[in-house]
1. Considering only region 39-92, state which residues are under 17 Å from R122 (Cα atoms) and surrounded by fewer than 12 Cβ atoms within 10 Å (Cβ to Cβ).
2. Applying the selection to region 85-94, what residues are at pLDDT 95 or above and not in a helix (DSSP H, G or I)?
3. Given the structure, is L82 in contact with a strand residue (DSSP E or B) (Cβ under 7 Å, 6 or more places away or on another chain), of a type in the set (A, V, I, L, M, F, W, C), within 21 Å of I22 (Cα to Cα) and modelled with pLDDT of 95 or more?
4. If I ask for residues that are assigned to a loop (DSSP other than H, G, I, E, B) and out of contact with any helix residue (DSSP H, G or I) (no Cβ under 9 Å at 6 or more places or on another chain), which ones from region 24-59 would you list?
5. Condition check: within 16 Å of R42 (Cβ to Cβ) and either free of Cβ contacts under 8 Å to residues at least 60 places away in the same chain or of a type in the set (D, E, K, R) (or both). Does L57 satisfy that?
6. When the residues of region 114-145 are narrowed to those that are of a type in the set (D, E) and within 21 Å of L57 (Cβ to Cβ), which ends up surrounded by the fewest Cβ atoms within 10 Å (Cβ to Cβ)?
7. Only residues in region 95-114 that are on the phi > 0 side of the Ramachandran plot count as the first member; pair them with residues that are modelled with pLDDT of 95 or more and among the aliphatic types (A, V, I, L, M), Cβ under 6 angstrom, at least 6 apart or cross-chain, and list the lot.
Amino acid sequence: MRKTGMKKSTKTREQALFYGFIDLPKLTQAEQALHQLQIPTRVVPKEQWYEKVGYLLGMPGFRATARPEDDGFVFPHEVMILQGIRGKRLDTVLDKLKEAGVSHIAYKSVVTPFNTLWTLRRLCETMQKEHAYMAEQEEKHEEHN
């Protein structure tokens, strides 16, 4: 039997995860803005910091992790994780959030094949290190001007 040449779609479905939001009106605004773009959203409970990002996204092949002993991990920032959203679509999403009056979400990440294997904690800590590095670079730049 011959194949018809049709390719299976490899497009990753779009979705957004929210973590650490204390400002509930802001969270509601963000979710509504994304829903207008047909992007499903999910709020990740704070106590799921130890789960792999792939699991939290519902990706095949990921299973729940046994909860480790609580070591007091607390991430004091709001986080938005976007899956399947890149390029112009990412610009559209960010514009829609701004248009909806959602105040700045400093910790944003797009899903990559690598960070799906990370725990949510590792993703948060990596973003925090990146932010600190960028702030340091900006400070050095300002000192030279």
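1. P45, E47, A64, A66, R67, P68, E69, D70, D71, G72, V74, P76 - these are the residues of region 39-92 that are under 17 Å from R122 (Cα atoms) and surrounded by fewer than 12 Cβ atoms within 10 Å (Cβ to Cβ).
2. The answer is I85, and nothing else.
3. The answer is yes for L82.
4. Q38, P45, G58
5. yes
6. The selected residue is E130.
7. Once the first residue is on the phi > 0 side of the Ramachandran plot and sits in region 95-114, no partner that is modelled with pLDDT of 95 or more and among the aliphatic types (A, V, I, L, M) comes close enough.
Residue-by-condition table, conditions (1) more than 18 Å from E130 (Cβ to Cβ); (2) within 11 Å of the chain's Cα centre (by Cα):
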| residue | (1), (2) |
| --- | --- |
| F62 | yes, no |
| E69 | yes, no |
| E78 | no, yes |
| Q83 | yes, yes |
| R89 | yes, no |
| A100 | yes, no |
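The values are calculated or read from the model by the stated rules, or taken from the named source; none is laboratory data. What you see is a predicted model; the values in this text were computed from it and never measured. Neighbour counts run over all protein chains shown; Cβ positions are idealised from the backbone, glycine included.
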